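Here is the structure we will look at, set down as structure tokens.
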Amino acid sequence: MTYSTFISPRELMVLIGRHENLSIFDARFSLADTEAGRRSYLSGHIPGAVYAHLDEDLSGPVQPGKTGRHPLPDPAEFANRLGRWGVGNQTMVVTYDDENGGIAARLWWMLRWLGHDRTAVLDGGWRAWLAAGGPVGKDFPSPKPVHFKPRLRENMTSSANEIMAMRKPGEFTLVDSRTADRFAGENETIDPIAGHIPGAINASYTDTVNPDGTSLSTEDLRKWFHSKLKTTSPEKTIFYCGSGVTACRNVLAMEYAGLHGSTVYPGSWSEWIHLSSDIATGAE
């Protein structure tokens, strides 16, 4: 069986025992301490999992003053990395973190960006795995390299230039996935300029999860997104965040809810502030 959005800890345990072509990735990461995730991985992880570092593995080179904090890597280079990790075009990929899926969804989205839909995020992440009695390992797997052929989906991204050109009301809805305070320009501790892209609405990805870190139900997600997007179709919805990472978590929630076709502005706020002086503060 394959999964394309979420997978539960119990489902993953069954999959581990039955699926020969399975790759698991630990994507734990903290912006406040970029090595905390690796330390956590070294102290214990899902057996067989490979560690995927947000800065080193899931991002391209940062160009100061030009790009955001986590630009997408070159598609061909990332495809080669997937191959070195043992991920082929038929591999089932499961990724997890300890941030409500906020980091794991980046890898999930990048795989889909390269045309690979056989991928899912562990619902509830590391906390849910432990709560379900999942085994913990300290192994360091050495996957056998394979060939991964990318099938790039360029329609999954929106650029800053496209956003600047599509600023007519009603043409599309731009959604800021950060918390309400950062959207308003308050308590900004990560980027040098606070605020949001003018015209954007706020829909924090953290509102798509239950207190235990698992996803809201598909019905509750549909109601929540409809309350935010009103009559905007998923295909005319663009998500961004601070650096193009947690925006992917909102896309994951949309897909899980059956709302297909939204895009991500990968550069997000940390790129926008280098390219435009057009910013807004305050609530919607």
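I'd like the carbon and sulfur percentage of the solvent accessible area for the chain, probe radius 1.4 Å, heavy atoms only, ligands and nucleic acids excluded.
Working: 6330 of 12480 Å².
Heavy-atom surface of the chain belonging to carbon and sulfur, 1.4 Å probe: 51 percent.
Which of the peptides 100-106, 200-206 is most tightly packed, and how do the rest follow, going by the mean number of other Cβ atoms within 10 Å of each residue?
Numbers: 100-106: 27.6, 200-206: 20.1.
In decreasing order of mean packing, 100-106, 200-206 become 100-106, 200-206.
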Given a 1.4 Å probe, how much area per residue of the chain is accessible, in Å²? 44 Å²
State to the nearest 20 debye the size of the charge dipole of the stretch 134-198 about its Cα centre, where the only charges are +1 on K and R beta carbons and -1 on D and E beta carbons. 520 debye
If the convex hull is drawn through the Cα atoms of the stretch 94-179, its volume per residue in Å³: 159 Å³
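Residues with beta-carbon under 13 Å from that of ASN80, excluding ASN80: net charge, scoring Lys, Arg +1 and Asp, Glu -1?
Once positives and negatives cancel, what remains is 0.
Within the stretch 1-86, list the GluC sites (Glu not before Pro) lying in a DSSP loop whose Cβ has at most 16 other Cβ atoms in a 10 Å radius.
Within the stretch 1-86, the qualifying GluC sites (Glu not before Pro) (loop, at most 16 other Cβ atoms within 10 Å) are GLU20, GLU35, GLU56.
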Cα convex hull volume per residue for the chain (Å³): 122 Å³
Dimensions (Å) - the stretch 167-284, Cα atoms, principal axes, largest first: 38, 34, 23
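Compute the orientation-averaged projected area for the stretch 1-146 from the convex hull of its Cα atoms and round it to one decimal in nm². All intermediate terms of the calculation are to be shown ahead of the outcome.
Values: hull surface 33.6 nm².
Here the figure is 8.4 nm², rounded to one decimal.
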Taking the stretch 32-81, which trypsin sites (Lys or Arg not before Pro) meet the DSSP loop condition and have no more than 16 other C-beta atoms within 10 Å? LYS66
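Using the Cα gyration tensor of the stretch 199-254, with a ≥ b ≥ c the square roots of its eigenvalues, what is the shape: rounded (a/c below 1.5), prolate (a/b larger than b/c) or oblate (neither)? Write out the running numbers ahead of the final one.
Details: a/c = 1.91, a/b = 1.15, b/c = 1.65.
Oblate shape, in that a/c is at least 1.5 and b/c is the bigger or equal ratio.
Could you size up the charge dipole of the stretch 99-241 around its Cα centre, putting +1 on the beta carbon of Lys and Arg and -1 on that of Asp and Glu, and report it in debye to the nearest 20?
Working: 18 positive and 17 negative charges, 118 e Å.
The dipole magnitude comes to about 560 debye.
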Rounded to the nearest 20 debye, dipole of the chain from Cβ charges on Lys, Arg, Asp, Glu: 660 debye
For the chain, percent of DSSP beta bridges that are antiparallel (nearest 5) comes out at 10 percent
What's the local net charge at ALA184, with K and R +1, D and E -1, over the other residues with C-beta under 11 Å away? -3
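The values are calculated or read from the model by the stated rules, or taken from the named source; none is laboratory data. None of these values were measured; they are calculated from a predicted model. Neighbour counts run over all protein chains shown; Cβ positions are idealised from the backbone, glycine included. For accessibility, only protein heavy atoms count, side chains too; no ligands or nucleic acids. Shrake-Rupley method; radii C 1.70, N 1.55, O 1.52, S 1.80 Å.
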